[in-house]
Each structure stands twice: as C-alpha cells, then as structure tokens.
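Worksheet for the structure shown next.
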Amino acid sequence: MKLLAELAEATHPTLLVISGPTAVGKTALCVQLAQQLGTEVVSADSRQFFRELTIGTAKPTPEEMQGVPHHFINSHSITEDYNAGRFEQDALALLYQLFQRHRVVILTGGSGLYLQAVTEGFDALPAVDPAVRQQIKQELAARGLEPLVQELARLDPVTYQRIDRQNHQRVVRALEISRGTGQPFSSFHGQTATARPFQTVKIALNRSREELYQRIDARMDLMLAQGLEAEARALYPHRHHNALQTVGYKELFDYFEGQYDYAEAVRLLKRNSRHYAKRQLTWLRRDAEYQWLEL
C-alpha cells in the first residue's frame, strides 16, 4: 500500500484519520495499520467513550485490539456532560503526548463531528437568547422530538442530513441557533479551520450498499445474541442521559415502554442503524479531503 509506505517515512507529525459508516470494518483495519506503523489509536467514537455502554456500541474487545493501545474507550461515564468541544481539548492534549514518541497516530471513528473537532476545530457560534432554547425544550417535552426534527429539515436541510436525528440534544442545539439567528446552524460550520501542529491524512472506508447493510444486520443480530436487551434494561433508569439518546438503545427503551413488540424493536434497530450509516456517509462525502477506500 503506497500510503502506508509514505506514512512510515513521514518526517512531520501526521494524524491518520480512518472513518466510515458503522460496521464497515474500521477497527480491524486500524489495528492492522497500527501494528505495521508501530503506533497507537485514538477513538473518536462518541458512544465508546462511556464505560456503561458496551454491547450496543460495538466496542473493540481486547482480543480485537491485539495489544494496540486504544485511547478514549471507557474513558467517561454516561453521567458526565461530555461533548465534542471537551473532546477537542482532551484529544489535542493527548496527541501532543503521543507525537512525542510516534511520528504517526491514528484517529478513528464514525462520529463526524468529533473527528472535525480534532482536525479542524469549531467556528465560534453566535450567542442566542437563552429563552429560545428554553422554548424548544418545552416543545420537546410537550410534543416529542419528531416535530422539532421536521422543523430542522425546513430550516436547515444540511444539518438535517448530517446529524443523528434521534439525538435530542443535537437537534435542540441546531434549532436553537437556527431560530435564534435566522440563519441555518450549518452556515456557522466550516468557515475557518484552526491550524494544527500536525498534518492530517483522511481515509474514508466504504463497501457496497448491499454488503454494508448485510454487515449492519448481522452486527445487530450478534449484539442481541450477546445480551443487548439485558444491557439496555440495566441502563433504562438512566435513559434521560444524552449518551443514551442513540440508535441501539432508544429502540429497546420504547419496546420496554410497550410502544411496540420485540419483533418491531429488532426491525427498527436494523433500519435505524442503516439510516445512521447513510448519514455518516453523507457527512464524510462533504469533506473533499477524504480519500475513499472500498473494502
């Protein structure tokens, strides 16, 4: 692989970003590359941070890591208010240390916002009257998430396509900016990239749609066989935490509450995971710096 040879000869600190949709095979490739480059892996998966979430986040097992150090896995609790801004600060501090002993470090994950936080930083968002956010939260409590998602689709189609639309915190934040400023939330992103003391190489993984969807369905079947339902039941009392407003848990929480039967819960788990993969791909394709690798 030409890229691997170039990375091995890198003279400047280089961050190798490996991204792609859920279940595409990021972990296996990152471990292989880390072994060949003699380096470590930094996870930018916004759900694998949390110690309490294991089966539903497809965390790599010690066997899968094969001795390669992985950072930001099981690093936080769901009770902590951890976000992309804090991750940017923590990850950059860690990278400073890692680049003292490695010329190349791997950053991986499917959470586009968290990858962007490390590689580019965020544009300063305008201040908005707190009453706007309070109004949106009242509407969320009274009518649920779906009307807010539909409003976001009207006000900011770009953000609607890119974010996890089942994550109420991100929907509320995007609407807060869009309503409060009269401009789409997406218009405040990507205007200026913050200079970093390392060069970045971005690789996006993909497979044919049929194969990717088969892998997603198989992963969900495996998670259920491993005890995802029991894990979700144990986490149900904590369902209000932002970390649990996500595909893989929310469908089971609704099942526990009697909104549908088990068969429908499984169908929604698979369908919503496929939809999430499509949104991940949409996000990545908007960044022209990614080199695409078909697996």
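Exactly one residue among L94, L125 is surrounded by fewer than 19 Cβ atoms within 10 Å (Cβ to Cβ) and at pLDDT below 95, and that residue is L125. Residues in the stretch 92-123 that are touching a strand residue (DSSP E or B) at 6+ places or on another chain (Cβ under 7 Å) and more than 24 Å from A277 (Cβ to Cβ): L94, L95, L98, F99, R103, V104, V105. Which pairs have Cβ atoms under 7 Å, sit 6 or more apart or on different chains, and link a residue in the stretch 198-214 that is over 30 Å from A91 (Cα atoms) to one that is crowded, with 18+ Cβ neighbours inside 10 Å? What qualifies is Y213/R274.
Could you run through the stretch 219-255 and say how many residues are of a type in the set (G, A, S), part of a helix (DSSP H, G or I) and surrounded by fewer than 19 Cβ atoms within 10 Å (Cβ to Cβ)? I'd like the intermediate steps shown before the answer.
Going through the stretch 219-255, the residues of a type in the set (G, A, S) turn out to be 225, 227, 230, 232, 234, 243, 248.
After this cut, where a residue has to be part of a helix (DSSP H, G or I) as well, the list is 225, 230, 232, 234, 243.
Applying the additional criterion that residues be surrounded by fewer than 19 Cβ atoms within 10 Å (Cβ to Cβ) yields 225, 230, 234.
So the answer is 3.
Would you say G67 is touching a residue at least 40 places away in the same chain (Cβ under 8 Å) and small (G, A, S)? Explain how you work it out, then say what you get.
Working: touching a residue at least 40 places away in the same chain (Cβ under 8 Å): no; small (G, A, S): yes.
Answer is no for this residue.
Among the residues of the stretch 92-122, count how many are within 12 Å of the chain's Cα centre (by Cα), outside any loop (DSSP other than H, G, I, E, B) and under 18 Å from L33 (Cβ atoms). So the answer is 2. A residue that is of a type in the set (G, A, S) and under 20 Å from K250 (Cβ atoms) can be found somewhere in the stretch 150-168. For R133, state whether it is farther than 22 Å from N242 by Cβ and out of contact with any Ser or Thr (no Cβ under 8 Å at 6 or more places or on another chain). Taking the combined requirement at face value, the residue does not satisfy it. Residue pairs whose Cβ atoms lie under 7 Å apart, sitting 6 or more positions apart in sequence or on different chains, and linking a residue in the stretch 219-247 that is in contact (Cβ under 8 Å) with a residue 24 or more places away in the chain to a partner that is charged (D, E, K, R), are M220/K270; L235/E52; A243/R47; T246/R47; T246/D164.
The values are calculated or read from the model by the stated rules, or taken from the named source; none is laboratory data. Note that the coordinates shown come from a computational prediction; the quantities given were computed from them, not determined experimentally. Cβ coordinates were reconstructed from backbone atoms using ideal geometry, including for glycine residues, and neighbour counts include every protein chain displayed.
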